[in-house]
Structure formats: C-alpha cells, structure tokens
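A.B. asks: Take a look at the following structure, please.
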Amino acid sequence: MALEFTGVTKTFTLPDGKDLTAVRDINFTVGQGEFVSVVGPSGCGKSTILSMTAGLYQPTSGAVRVSGEVVTKPNPHVGFMLQKDLLLPWRTIIKNVEFGLESRGVPKAERRERALFELDRCHLKGFEDHYPYQLSGGMRQRAALARTLAIDPAIILLDEPFSALDAQTKLLIQNSFAETIQEAGITTLLITHDLSEAVIMSDRVLVLSERPGTVMREIPIDLPDRAHPLKRRQMPEIHQHASEIFTLLRLDQRAA
Amino acid sequence: MSQASTQKLVAVAILALLLLIWQFLPPALGVPKYIVPTVSDMLTELGRMYRRENLIANVASTAIFTVLGFAIGSALGAAIGYLLGLSAFWERVLSPYILALQIAPKVAFAPLFIMWFGYNSTPKLLVTVLIVFFPVLVNVLAAMKTVDRDMVNLARAYSLNRWEIFKKVEFPSTLPNLMAGLRIASTLAVIGVTVGELVGGNTGLGFLISYGGGQANAAMVFNAIVLLTIIGIVLYSVLVWAEERLLHYIPKKDH
Ligand SMILES: Nc1ncnc2c1ncn2[C@@H]1O[C@H](COP(=O)(O)OP(=O)(O)O)[C@@H](O)[C@H]1O
Ligand SMILES: [Mg+2]
C-alpha cells in the first residue's frame, strides 16, 4: 500500500483550551499508482488529512503509513501542493523547481537537469528564467507541480490545487496534471470540494461526513481515460457518480 | 513631447518659481534678512561658511556620523528583530519593554548621554543608533510574524532545517519590510545626529545651527538645514536604489 490510514483521529487543542476533533476514526488505503480524491463539506478535516500525510503533525490516535512506514515527521517521499502555488517570488521558475532538491544533497548540475526535465514535462519549457509574477495562474500551478515532481515523491498530495483558476484554465490544467501524473505513475491524493473534478480525475472517491470527518463511502470510478479528464467529462456515468455524491453530502437538503 | 519630459519641465519650473518667490517675496514684504534670508543671502553666507567655518569638515563629520549611526542602529535593530521573530517566547516577554522604548522620545536621551560620555562624538552616535534601531526592529519583527505559514510548512516538508528555512524562506520574505524599515530609519538618522550636535557638540551641521542661532545668523541656520536635508536625501536615495535592485521580482504598480 502506498498510503494507509488506520483508525486516525485528530484532536486540536484550541487556544482557549477547548478540544476540537477535526477527523475521527479515518480508515482508507491508496494503492500504488492510484488516484484517489477526497470530498466533503468544508471544515470536515480534508486539509488535516493532508497535513498528517505530509508529516507536518501526527494523529492523536491511529496511524498514517506511507509505503508501509508510520509517518512521524516531514516525509521526503511525500510532495504536496495547495491552492496557493507557494512559489518563492524572489526565485526564477527553475530555481523554484530546484528548491525541494537543495536540502537533499543533490549536486548542482543534477538538480538543474532534473528541474529542466520536470519543466519540460509540465509544458513550461522556455520559462526557466522567468519570475513567478511573470506567469499566469495556470502556469504557476504547473510550475508548482514541476517542483513537486522534482523530488521524485512516492505520493503527491493535492489540496484544492485548481480552485483558484478560472473555469477554462481549470479544465486545461486538470487535463495536463492528469496526463503528467499518469505518465509519472505517481500515487495521488486529491482533496477537492468540486464533485465533478473528483469524479473525472480519480480511480476512487472518498466521501467524508461533516466534522468530525469520517469516511462515509468509497466510490470506485470504473471508467477509462483517467489521464484525460476532458474526455471523461463527456461520459454519462460521470453525472451519475457526481449526483450520487451530491445526495450523500445532502447538498440539496442543506440548500433548503 | 513625452510625458516624462513634460513632467521634468514642470518640476524645474516649480523649483525656479519657488526660488524666485524666496528671493523676492520676503524683501517685498519688508521681512529683514536676519528673520528670513533671501536665496542670494544664503549663497553669500555659504561662501563665508566655506572660508571661515570649516564647512567641509562639518558636513563630512555629520555625514559620517549619520551613516555610521544608521549602519550600527539598523544592524542591531535587524539582528534583534530576527532573533525575536524566531522566538515567540522572548518576543512575548520583551514586547512591553520594546513598546515603552519605542514610544519614549529618543532624542531626549541626548543630554543624559552627554552627562555620561562627555562632549565628544559618542553621545550623538548613541542617539542616532537608538533612534534608528526601533523602526528597523519593529518592521522586521512584524514581517517575521506574517511570513506565510504554508511556505514554511512546504520548506519543512522538503526537510529544510531551521537555519535553511530562515535563510531561504523567512529572510527573503521579510526583505520588503526590512527595506521599508531602513528607509524610515535613514530619515531618522539625520534627526539623531542633528539633535546630538545641537545639544552638545563642537562639530557638525547641528553645531553650526546652534552657533548660527546664537549669532542671529539666520542664513547660516538655513544653509545648515538645507545641507542636512541633502545628506538625508542622499542616504534615502541610496536605499531606494538598493531596494529597487533587491526587490526587482515584485511587479511595479502602475499609477
Ligand atoms: N492547527 C489547527 N489548530 C486548530 N484547529 C484546526 C487546525 N487545523 C485545522 N483545524 C480545524 O479543524 C477543522 C478541519 O479543518 P480542515 O482540515 O482545514 O478542513 P477542510 O480542509 O476540510 O476545510 C476545522 O474546524 C479547523 O478549524
Ligand atoms: Mg482545506
């Protein structure tokens, strides 16, 4: 198993001393090379799941395992990306891509070579020496993906990486991410509040309950063309899956 | 004509107009020159100061202590700002003292420093260091507190150690605020030195102000003020120049 949550509960102690349980008894696994999405109401602990996988903090109880090993500290085999691209504005794009490699003792020449390779793979050839402010939002997210891939992660974690993009850019970037990730064969956990995004991009969708979040349902998406969300969008099954999740989250009742 | 050259032309015209008003309005209103000297009075006095009052040495002394006080004060302010920024504990423990010292009028320490160190350069240097210190410290500290937590987490996830996180993420993030603090500090440095020289000096432009004031020589006082302003402007411009180069990656806003 590439990623495994067993009985994971996370309780935060708030500044006023009260406890807040963000997620409760989370169990799921993600297989090697699999693309799994996590959807759920806002505040149900999706980002908490990501932070625990990245090793930024530990569960209160239960265990998170990456490639079979319990995560106890920031894990060099996990790459993550947020809605914000987190590119360092004072570095050129290629220097940003190299950022993750610098503390790993990768020699300079090799760093550069790997960064160039990833930039090429993410369709950013020719933008090496640009600064982040000179790139569009979509290009910046692709640069962030290149940086994430450069560390050669076992898993990448994506926390709503497309939600700040406009509708058209979003479709194109989803497609290029899906292609790149499939090609690289990397296990991916995508956190999103966009139900159709979850369905068109994933092998499987985990639906979380309201806080404290727990896995209500796992929905396998048995459809071809995972690397081409634009193609998948045309398939009628997509809408069935999306409406199933919609019903699970009781979005209709909540609107009432 | 391009907009830039129009702008320049208007600026020069305004300057010329101001100088003309200065030259002709006070005499026209019957204001005597020991109250408001005219431009030509000031130029004549400047020549006399050059020959008689060691003008060059006085300007050099003030300029050197401004730069020295600015450099020491901002280095200390930045160093302590970053140290406190790295330690929430010490920041909380020391913040009341910082606030008190920040509010206390620093120039009022000048007579005290003279009592302690005598009539030499130490008091004016100390006043300058003290006055420069706080804006830099406060700016750096505020910037350290607002460094993007997600950026720091990303660095942690990439296994950077504490020092590398500071060097590669926190310090560059705070650079705009540091530069803003330095800019404010550069204008205050001139005030620090001037007060030090006014209160107890026998060199520098501040001394010439109190000396000229004692002799009812308004032209000398005006000249010294102008020269102090020029020293301040030069220091400020150097910082703006450095800032533009250092922060080239921040897109310029169009007005
Ligand atoms: N470091 C933290 N300290 C205290 N509470 C937190 C912390 N991180 C998250 N929470 C709380 O945990 C809950 C889940 O947060 P999060 O995982 O960000 O939700 P989601 O990403 O699903 O919107 C929220 O109520 C949030 O306020
Ligand atoms: Mg979130």
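The values are calculated or read from the model by the stated rules, or taken from the named source; none is laboratory data. Please read all numbers here as calculations on a predicted model, not as lab measurements. As a convention, Cβ positions derive from the backbone with ideal geometry for all residues, glycine included, and neighbour counts pool all protein chains shown. Each accessible area value is taken on the protein alone, full model and side chains, heavy atoms only, with ligands, DNA and RNA left out. Shrake-Rupley method; radii C 1.70, N 1.55, O 1.52, S 1.80 Å.
A.B. asks: Would you say residue A:58 is more than 14 Å from every other protein chain (Cβ to nearest Cβ), in a loop (DSSP other than H, G, I, E, B) and more than 16 Å from ligand 2 (Cβ to nearest atom)?
C.D. replies: Judged against the criteria, residue A:58 is not a match.
A.B. asks: So residue A:66 fits all but one of (1) in contact (Cβ under 8 Å) with a residue 40 or more places away in the chain; (2) away from ligand 2 (no atom under 16 Å from the Cβ); (3) within 14 Å of chain B (Cβ to nearest Cβ); (4) out of contact with any His (no Cβ under 9 Å at 6 or more places or on another chain); what number is the exception?
C.D. replies: Here residue A:66 meets the rest and fails (4).
A.B. asks: For the condition hydrophobic (A, V, I, L, M, F, W, C) and closer than 19 Å to residue B:168 by Cα, what is the one hit in A:116, A:101, A:124, A:135?
C.D. replies: The unique qualifying residue is A:101.
A.B. asks: As an exercise: evaluate residue B:203 against (1) within 30 Å of residue B:31 (Cα to Cα); (2) in a loop (DSSP other than H, G, I, E, B); (3) touching a Ser or Thr at 6+ places or on another chain (Cβ under 7 Å) and give the number of the one condition it does not meet.
C.D. replies: Going through (1) within 30 Å of residue B:31 (Cα to Cα); (2) in a loop (DSSP other than H, G, I, E, B); (3) touching a Ser or Thr at 6+ places or on another chain (Cβ under 7 Å) one by one, residue B:203 breaks only (1).
A.B. asks: If you don't mind, there's one more thing I want to ask. Given (1) within 21 Å of the chain's Cα centre (by Cα); (2) in contact (Cβ under 8 Å) with a residue 60 or more places away in the chain; (3) open to solvent by less than 60 Å² (accessible area, probe 1.4 Å), identify the lone condition not met by residue B:209.
C.D. replies: (2)
A.B. asks: Take the residues in the stretch A:141-174 that are over 23 Å from residue A:130 (Cα atoms), within 16 Å of ligand 2 (Cβ to nearest atom) and more than 13 Å from chain B (Cβ to nearest Cβ); name whichever of them is surrounded by the most Cβ atoms within 10 Å (Cβ to Cβ).
C.D. replies: A:158
A.B. asks: Return yes when residue B:230 is open to solvent by 60 Å² or more (accessible area, probe 1.4 Å) and modelled with pLDDT under 95 and no when it is not.
C.D. replies: Here the answer is no, as residue B:230 does not meet what is asked.
A.B. asks: Cβ contacts < 7 Å: first residue open to solvent by less than 60 Å² (accessible area, probe 1.4 Å), restricted to the stretch A:214-232; second residue part of a loop (DSSP other than H, G, I, E, B), any location; separation 6+ or different chain. Result?
C.D. replies: Filtered contacts from the stretch A:214-232: A:221/A:202; A:221/A:203; A:223/A:235; A:226/A:203; A:232/A:223; A:232/A:225.
A.B. asks: Now for a separate question. Determine the pairs where a residue that is farther than 16 Å from residue A:181 by Cβ and not assigned by TED's automatic domain parsing to the domain that holds residue A:170, located within the stretch A:192-211, has a partner that is open to solvent by 20 Å² or more (accessible area, probe 1.4 Å) and assigned to a loop (DSSP other than H, G, I, E, B) with Cβ atoms under 7 Å apart, the partner being 6 or more residues away or on another chain.
C.D. replies: Going by the 7 Å Cβ cut-off, there are no qualifying pairs.
A.B. asks: Does residue B:46 meet the test of being in contact (Cβ under 8 Å) with a residue 12 or more places away in the chain and not small (Gly, Ala, Ser)?
C.D. replies: yes
A.B. asks: Given the residues A:135, A:119, which is the only one that is farther than 30 Å from residue A:9 by Cα, within 14 Å of another protein chain (Cβ to nearest Cβ) and touching a residue at least 12 places away in the same chain (Cβ under 8 Å)?
C.D. replies: A:135
A.B. asks: Taking the condition modelled with pLDDT of 90 or more, over 30 Å from residue A:102 (Cα atoms) and open to solvent by 20 Å² or more (accessible area, probe 1.4 Å), does residue B:76 pass?
C.D. replies: Yes; evaluated as a whole, the condition is true for this residue.
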